[in-house]
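A.B. asks: Below is one structure. I have some questions about it.
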Amino acid sequence: RDPVVTGPDGRVDIRCEDGSTIVVGDRSTVSLARFVTPPTQRGRVGVLSMIEGILRVTLPGTKRWNRLEIVTETAVASARSTAWIVDARKETTGVFAVEGRVRVVGKAGGEVTLSPRQGTDVRPGAQPTPPVVWGQPRASAALARTTMP
């Protein structure tokens, strides 16, 4: 449960033995609450608690996860094999599907499934907004913040 904390210009690239990667972007605090990449009796399992900031998860399509969740103050984003970005801020959590499909459940209720290039925002006490294609400026900014220099 040790947190990963990055500063204004910091990034951390976490590479797992199964080919999965997690890039923690600038100004972020993430805790690996539970992360098991070798298959267990229940399959590969991961739960990351995100306090604030941005991260990108890329899961290989050849090795499916039973469960990988990113938990924020307002939402839970999960997928089995895909790439997605979670941007957690005090006022909202934005989730963007880079590839594949991502399920987003609001802690106050409601659920949406994102397709590639779609995103949703989840505010405190609200359901996820309907999926929309993120404009180029927002998508590019999220990708830039989660790309290693």
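The values are calculated or read from the model by the stated rules, or taken from the named source; none is laboratory data. The model shown is predicted, which means the values in this text are computed figures rather than measured ones. Note that we place each Cβ from the backbone using ideal geometry, even for glycine, and neighbour counts take in every protein chain shown. Calculation scope for accessible area: heavy atoms of the full protein, side chains included, ligands and nucleic acids excluded. Shrake-Rupley method; radii C 1.70, N 1.55, O 1.52, S 1.80 Å.
A.B. asks: Restricting attention to region 96-138, which residues are within 11 Å of ALA77 (Cβ to Cβ) and of a type in the set (Phe, Trp, Tyr)?
C.D. replies: Answer for region 96-138, where residues must be within 11 Å of ALA77 (Cβ to Cβ) and of a type in the set (Phe, Trp, Tyr): just PHE96.
A.B. asks: Among what's in region 116-144 and is of a type in the set (Ser, Thr, Tyr) and within 12 Å of VAL95 (Cβ to Cβ), pick the residue that is surrounded by the most Cβ atoms within 10 Å (Cβ to Cβ).
C.D. replies: THR120
A.B. asks: Residues that are open to solvent by 30 Å² or more (accessible area, probe 1.4 Å), modelled with pLDDT under 90 and over 24 Å from THR120 (Cβ atoms), at least 3 per element: which strands (runs of 3 or more DSSP E) completely within region 1-93 meet that? Break it down stepwise before answering.
C.D. replies: Working: elements: 3-5, 12-15, 21-24, 29-40, 43-58, 67-71, 75-79, 83-88.
So the answer is 29-40.
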